[in-house]
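The values are calculated or read from the model by the stated rules, or taken from the named source; none is laboratory data. Since the structure is predicted, the reported quantities are computational estimates derived from the model, not experimental observations. Virtual Cβ from ideal backbone geometry, glycine too; neighbours counted across all protein chains shown. Just the protein is used for accessible areas: all its heavy atoms, side chains included, with ligands, DNA and RNA removed. Shrake-Rupley method; radii C 1.70, N 1.55, O 1.52, S 1.80 Å.
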Amino acid sequence: MRLEYWKVGPDAYKALAQPSLYLNHASIDQKLRLIVELRVSQINGCAFCVDMHTEDARKAGETVQRLDCVAAWREAHGIYTDRERAAFDLAEHATHLSRGPVPDAVYEAARAHFSEKELVDLVTIIAVMNAWNRLAVTFERGPAPRKG
């Protein structure tokens, strides 16, 4: 690890934690939040967050198959609901903004499955996860090896 950013900049760390605390009580179901955070972290190559959100999702009741297939959700027919698939698609496009804006079709598909409040919370989940990923990847915070 390059540096322990949460120790070097505790005020910045606390400030970024505030939206995460809000999201603990937001309109998006915890299991959906965790798999969206997992997908964003996979895209960004954040091993720390992939490890953390996979473990948290297991504890929340996600199956091994559903977690194993998140990275290939488009081909995992019958594994995810249409709502989850719309969330993954929005997450991918909102994470890859350098490729262009979120297409209208992607937004409308998400809008068909989420209320306006849920859309705000879902995009906040995506945005906050991208911020956490950038910290962990830049400062090379990897997961601690687990026993077993």
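Quick check on the range 17-66: of everything there that is of a type in the set (Ser, Thr, Tyr) and touching a residue at least 12 places away in the same chain (Cβ under 8 Å), which residue is nearest to Ile125 (Cα to Cα)? Full working, then the answer.
Step one: filter the range 17-66 for residues of a type in the set (Ser, Thr, Tyr), giving 20, 22, 27, 41, 54, 63.
Pick out the ones that are also touching a residue at least 12 places away in the same chain (Cβ under 8 Å) and you get 20, 22, 27, 41, 54.
Values: Ser20: 8, Tyr22: 10, Ser27: 11, Ser41: 12, Thr54: 16 Å.
Among those that are of a type in the set (Ser, Thr, Tyr) and touching a residue at least 12 places away in the same chain (Cβ under 8 Å), it is Ser20.
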Q) If you go through the range 1-13, how many residues are open to solvent by less than 70 Å² (accessible area, probe 1.4 Å) and touching a residue at least 40 places away in the same chain (Cβ under 8 Å)? A) 2
(Q) Taking the conditions exactly as written (modelled with pLDDT of 95 or more, touching a helix residue (DSSP H, G or I) at 6+ places or on another chain (Cβ under 8 Å) and buried (at least 19 other Cβ atoms within 10 Å of the Cβ)), does Ala60 satisfy them or not? (A) no
Q) If you go through the range 124-142 one residue at a time, how many are open to solvent by 60 Å² or more (accessible area, probe 1.4 Å) and among the hydroxyl-bearing types (Ser, Thr, Tyr)? A) 1
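Residue check: is Leu16 modelled with pLDDT under 95 and either surrounded by fewer than 20 Cβ atoms within 10 Å (Cβ to Cβ) or in a loop (DSSP other than H, G, I, E, B) (or both)? Don't jump to the end; show me each part of the working.
Working: modelled with pLDDT under 95: yes; either surrounded by fewer than 20 Cβ atoms within 10 Å (Cβ to Cβ) or in a loop (DSSP other than H, G, I, E, B) (or both): yes.
Considered against the rule, which asks whether it is modelled with pLDDT under 95 and either surrounded by fewer than 20 Cβ atoms within 10 Å (Cβ to Cβ) or in a loop (DSSP other than H, G, I, E, B) (or both), Leu16 comes out as yes.
Going through Ile79, Ile35 one at a time, which residue ends up being of a type outside the set (Ser, Thr, Tyr) and in a helix (DSSP H, G or I)?
That would be Ile35, the only listed residue that is of a type outside the set (Ser, Thr, Tyr) and in a helix (DSSP H, G or I).
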(Q) Only one of Asp121, Asp104 is open to solvent by 70 Å² or more (accessible area, probe 1.4 Å) and not hydroxyl-bearing (Ser, Thr, Tyr). Can you tell me which? (A) Asp104
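Within the range 92-111, is even one residue touching a residue at least 12 places away in the same chain (Cβ under 8 Å), within 14 Å of the chain's Cα centre (by Cα) and in a loop (DSSP other than H, G, I, E, B)?
Yes: the range 92-111 contains one or more residues that are touching a residue at least 12 places away in the same chain (Cβ under 8 Å), within 14 Å of the chain's Cα centre (by Cα) and in a loop (DSSP other than H, G, I, E, B).
In the list Glu37, Glu92, which residue meets the criterion of being modelled with pLDDT of 95 or more, buried (at least 19 other Cβ atoms within 10 Å of the Cβ) and farther than 18 Å from Leu135 by Cβ?
Values: Glu37 fails: farther than 18 Å from Leu135 by Cβ.
The match here is Glu92.
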Q. Can you tell me how many residues in the range 112-129 are in contact (Cβ under 8 Å) with a residue 24 or more places away in the chain and assigned to a helix (DSSP H, G or I)?
A. 11
